[in-house]
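The values are calculated or read from the model by the stated rules, or taken from the named source; none is laboratory data. Quick caveat, the model's predicted, so the values are computed rather than measured. Don't worry about glycine lacking a Cβ; one is built from the backbone with ideal geometry, like all the others, and counts go over all protein chains shown. Keep in mind that these areas ignore ligands, DNA and RNA; they rest on the heavy atoms of the full protein, side chains included. Shrake-Rupley method; radii C 1.70, N 1.55, O 1.52, S 1.80 Å.
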Amino acid sequence: MKPSPHMDRAFAEAEQAQARGEVPIGAVLVDATTGAVVAADGNRVIEQHDPTAHAEMLALRAAAARFGSERLSHLDLYVTLEPCAMCAAALALARVRRIVYAAPDPKGGGIDHGARIFEQATTHHRPEIVAGVGEARAAELLRRFFQVRR
């Protein structure tokens, strides 16, 4: 899958998160039928003093509130980093149709690394996964962010 305006929007959300002092991760939920952006956000863990305020979780909460439903099977997620196990489990519970992520996360990822949520027998929904869309851009953004902090 080639770069898309939706992944560009996820990067914009990541850059806004970085400007707030957050780890630069952005997420965008898109209606798979119309291509319309339904919800978008960046990490707000520090701002909200909430360890669950990951970009994906915030976008899921906004979309669920917008549609008045916990089932979001008509949505695709674009995110700048492989979702962690918490976010992957929430995405499975929401029945998100597709997850497109930029950079892998060998330390904290929950899809292709670590817990591998969608490979577990207890996971009832397995979305389509597309990895590596904008990977170099995401890796550089994260590398620069952490380089400044170390």
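Per-structure values
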quantity	calculated
Approximate shape of the chain as ellipsoid semi-axes (Cα gyration tensor, √5λ), whole Å, largest first	22, 17, 15
Prolate/oblate/rounded call for the range 22-68, Cα gyration tensor, a/c under 1.5 rounded	oblate
The chain, accessible area per residue, ligands and nucleic acids excluded (1.4 Å, Å²)	49 Å²
Taking the range 30-86 and dividing mean pair separation by its residue count, relative contact order in percent (alpha carbons under 8 Å, at least six apart)	35 percent
Shape category assigned to the range 107-150 from the gyration tensor of Cα positions, a/c cut at 1.5	oblate
For the chain: relative contact order, % (alpha-carbon pairs under 8 angstrom, 6 or more apart)	20 percent
Heavy-atom accessible surface of the chain: percent carbon and sulfur, 1.4 Å	54 percent
Helix-derived mean residue ellipticity, 222 nm - over the chain, DSSP H n ≥ 4, -39500 (n - 2.57), to 500	-11500 deg cm²/dmol
With Cα atoms, 0 to 90° folded angle of helix 135-149 axis to the chain main axis	50 degrees
Charge context of residue 64, other residues only, Cβ under 10 angstrom, K/R +1, D/E -1	+2
